[in-house]
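Student: Take a look at the following structure, please.
The values are calculated or read from the model by the stated rules, or taken from the named source; none is laboratory data. No experiment lies behind these values; they were computed from the predicted model shown. No Cβ is skipped: glycine too gets one built from the backbone with ideal geometry, and neighbour counts run over all protein chains shown.
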Amino acid sequence: MHVFGPNELLADVLNTGRCVGCGACVNLCPYFKTYKGRTAMLFDCNRATGRCYAFCPKTEVDLDELSQICRDTPYPEDPLGFYQEIIMARAGARVGEGEFQDGGTVSALMMYALDSSMIDAGILTGREGLIPLPGLATRADEVKSFSASKYTAAPTLAALNDSVNRGFQKVGVVGTPCQLTAVAQMRGNSMKEEGFADPVALSIGLFCTWALDTRGLLAFIGKLAPGETIRKMRVPPPPAGVLIVETETQQLKLPLDEIRALVPAGCRLCPDMTAEWGDLSVGAMEDETGWNTLIIRSEPGFRLVRKAVAAGFLETAQYPEESRRHLSEAAGLKKRRALEELGVCGLLNTAPEEGRAALRLNRTVIEKLMNSAKEGA
């Protein structure tokens with residue numbers, strides 16, 4: 001990966017609408033800040049290279065290079081990325097009651113990771129109304145306050161950068177696919193710093209097909225439920241086709257076709273639905289209410305799941321083959337759409353003399369992923 005600096009990040013991402021507000025460039029220096037889902041460069045900076053550019057999930061992401069760093073293998077042709085096993089999971093008896101989304105698997109895993117001292121801090125995302133707020137938990141009993149899904153772009157990684165500045169050395173991160181792409185680039189020491197020590201001891205990814213612009217959603221819902229507090233949001237399985245927003249007095253059903261205009265342009269360039277760079281990846285199950293899909297991708301992830309089950313924090317069950325096939329098809333379709341969009345925008349494997357790419361990947365793998373997605377469509 002060739003690393004550029006903040007001016008290239010400004011030109012390529014912030015000024016083009018490709019920013020997804022992940023927070024990877026925030027709290028590295030005083031120059032980048034985020035507010036209500038928007039990231040801005042506050043002052044001029046003429047550094048030729050910078051961590052802000054190196055960490056961004058929309059600049060020169062080389063999937064083959066990341067795969068060698070994170071998995072010690074070439075980037076796979078499987079739409080689900082590299083994984084060891086897919087299972088069903090939900091929170092166990094030791095977790096207790098809580099307002100969990102689906103099965104509560106993410107909360108259960110983070111609670112056990114903190115309880116067992118596998119991590120000394122957990123980077124999570126809370127919410128104030130519709131505004132997502134990154135936060136840090138150091139005790140298992142703090143995790144539940146971050147439960148439930150957020151469908152707006154969140155600057156979660158700003159809290160990760162802050163935790164490193166504060167000296168935490170075993171950090172657990174829960175994030176979306178774009179956020180965990182940035183985390184993978186951080187963990188790969190893309191700046192080639194001497195004495196580099198990876199502070200991330202655990203990464204848990206959340207399935208994601210899109211996020212919504214925070215300011216846009218605030219304005220949209222503000223017209224329908226002015227002054228009301230948002231309690232919960234969820235997207236039911238197909239064919240519902242709605243985002244359900246629960247306030248203190250009513251339930252709003254927002255057609256997805258009406259809110260897709262609020263999806264940041266950068267989301268359309270993302271080929272990853274299942275958070276491939278996590279140690280574990282978690283999503284909802286379409287046909288099993290109260291359970292999650294759990295993808296185990298690494299040895300640390302495998303050990304965490306096994307120990308969490310033994311300690312009563314997690315329950316697991318066999319994953320249906322039909323569900324795995326549907327999941328693979330959905331992930332393949334997202335890859336195909338993103339690769340097509342990247343090609344149209346001239347951001348896939350861009351020649352150096354023609355500009356800077358958003359994504360790089362072996363062309364043979366691209367062709368196979370595209371063909372498999374067409375066959376499954």
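Student: Only residues in the stretch 174-190 that are in the same structural domain as ALA331 (by TED's automatic domain parsing) and within 20 Å of GLY135 (Cα to Cα) count as the first member; pair them with residues that are outside any loop (DSSP other than H, G, I, E, B) and among the hydroxyl-bearing types (Ser, Thr, Tyr), Cβ under 6 angstrom, at least 6 apart or cross-chain, and list the lot.
Tutor: GLY175/THR156; GLN179/THR156; LEU180/SER203; VAL183/SER203
Student: Please give the helices (runs of 4 or more DSSP H) falling wholly within the stretch 278-377 in which 3 or more residues are assigned by TED's automatic domain parsing to the domain that holds SER117 and of a type in the set (Asp, Glu). Step through it out loud before you land on a result.
Tutor: On the way: elements: 299-310, 321-344, 363-376.
Result: 321-344.
Student: Restricting the stretch 345-369 to residues that are touching a residue at least 60 places away in the same chain (Cβ under 8 Å) and of a type in the set (A, V, I, L, M, F, W, C), which is farthest from GLU8 (Cα to Cα)?
Tutor: LEU369
Student: Could you tell me how many of the residues in the stretch 282-296 are under 15 Å from VAL106 (Cα atoms) and not aliphatic (A, V, I, L, M)? Lay out the reasoning, then the answer.
Tutor: Within the stretch 282-296, the subset under 15 Å from VAL106 (Cα atoms) is 282-285, 290-296.
Then keep just the ones that are not aliphatic (A, V, I, L, M); that gives 283, 290-293.
Residues flagged as under 15 Å from VAL106 (Cα atoms) and not aliphatic (A, V, I, L, M) within the stretch 282-296 amount to 5.
Student: Within the stretch 244-274, how many residues are of a type in the set (Asp, Glu) and either touching a strand residue (DSSP E or B) at 6+ places or on another chain (Cβ under 7 Å) or buried (at least 17 other Cβ atoms within 10 Å of the Cβ) (or both)? Working first, answer last.
Tutor: Step one: of the stretch 244-274, the residues of a type in the set (Asp, Glu) are 246, 248, 257-258, 272.
Now drop any that are not either touching a strand residue (DSSP E or B) at 6+ places or on another chain (Cβ under 7 Å) or buried (at least 17 other Cβ atoms within 10 Å of the Cβ) (or both), which leaves 246, 248, 272.
Of the residues in that region, 3 qualify.
Student: Next question, about the same structure. Name the residues in the stretch 128-173 that are of a type in the set (Lys, Arg) and in contact (Cβ under 8 Å) with a residue 24 or more places away in the chain, would you?
Tutor: ARG139, LYS144, LYS150, LYS170
Student: Restricting attention to the stretch 230-241, which residues are over 21 Å from the mean Cα position of the chain (by Cα) and either charged (D, E, K, R) or at pLDDT 90 or above (or both)?
Tutor: The answer is ARG231, and nothing else.
Student: Within the stretch 219-243, can you find the residues that are surrounded by 16 or more Cβ atoms within 10 Å (Cβ to Cβ) and in contact with a Gly (Cβ under 8 Å, 6 or more places away or on another chain)?
Tutor: ILE230
Student: What's the total number of residues in the stretch 312-357 that are crowded, with 17+ Cβ neighbours inside 10 Å, touching a strand residue (DSSP E or B) at 6+ places or on another chain (Cβ under 7 Å) and more than 30 Å from GLU97 (Cα to Cα)?
Tutor: The total comes to 5.
Student: If you don't mind, another one. Which one of these is in contact with a Cys (Cβ under 9 Å, 6 or more places away or on another chain), within 26 Å of SER67 (Cβ to Cβ), crowded, with 22+ Cβ neighbours inside 10 Å and not acidic (Asp, Glu): GLY188, GLY175, GLY205?
Tutor: GLY175
Student: Give me the pairs, please: first residue somewhere in the stretch 222-243 and closer than 15 Å to ILE259 by Cα and assigned to a strand (DSSP E or B), second residue anywhere and among the aliphatic types (A, V, I, L, M) and modelled with pLDDT under 85, beta-carbon distance under 6 Å, and either six or more positions apart or on two chains.
Tutor: LEU243/VAL235
Student: Could I ask something else about it? Determine the pairs where a residue that is within 14 Å of ILE131 (Cα to Cα) and touching a residue at least 40 places away in the same chain (Cβ under 8 Å), located within the stretch 31-44, has a partner that is surrounded by 14 or more Cβ atoms within 10 Å (Cβ to Cβ) and of a type in the set (S, T, N, Q) with Cβ atoms under 7 Å apart, the partner being 6 or more residues away or on another chain.
Tutor: Here the result reads LYS36/THR214; GLY37/THR152; GLY37/THR214, each pair linking the stretch 31-44 to a residue that is surrounded by 14 or more Cβ atoms within 10 Å (Cβ to Cβ) and of a type in the set (S, T, N, Q).
Student: So, LEU136, is that one under 24 Å from LEU269 (Cα atoms) and either modelled with pLDDT of 95 or more or part of a loop (DSSP other than H, G, I, E, B) (or both) or not? Break it down stepwise before answering.
Tutor: Details: under 24 Å from LEU269 (Cα atoms): no; either modelled with pLDDT of 95 or more or part of a loop (DSSP other than H, G, I, E, B) (or both): yes.
When the stated conditions are applied, LEU136 does not pass them.
Student: A follow-up question, please. Could you please let me know if SER117 is farther than 30 Å from GLU367 by Cβ, part of a loop (DSSP other than H, G, I, E, B) and at pLDDT 95 or above?
Tutor: Yes.
Student: Still on this structure: If you go through the stretch 164-172 one residue at a time, do you hit one that is surrounded by fewer than 20 Cβ atoms within 10 Å (Cβ to Cβ) and outside any loop (DSSP other than H, G, I, E, B)?
Tutor: Yes, the stretch 164-172 contains a residue that is surrounded by fewer than 20 Cβ atoms within 10 Å (Cβ to Cβ) and outside any loop (DSSP other than H, G, I, E, B).
Student: Is it the case, given these coordinates, that SER116 is free of Cβ contacts under 8 Å to residues at least 60 places away in the same chain, closer than 30 Å to LEU314 by Cα, of a type in the set (Gly, Ala, Ser) and in the same structural domain as PRO271 (by TED's automatic domain parsing)?
Tutor: no
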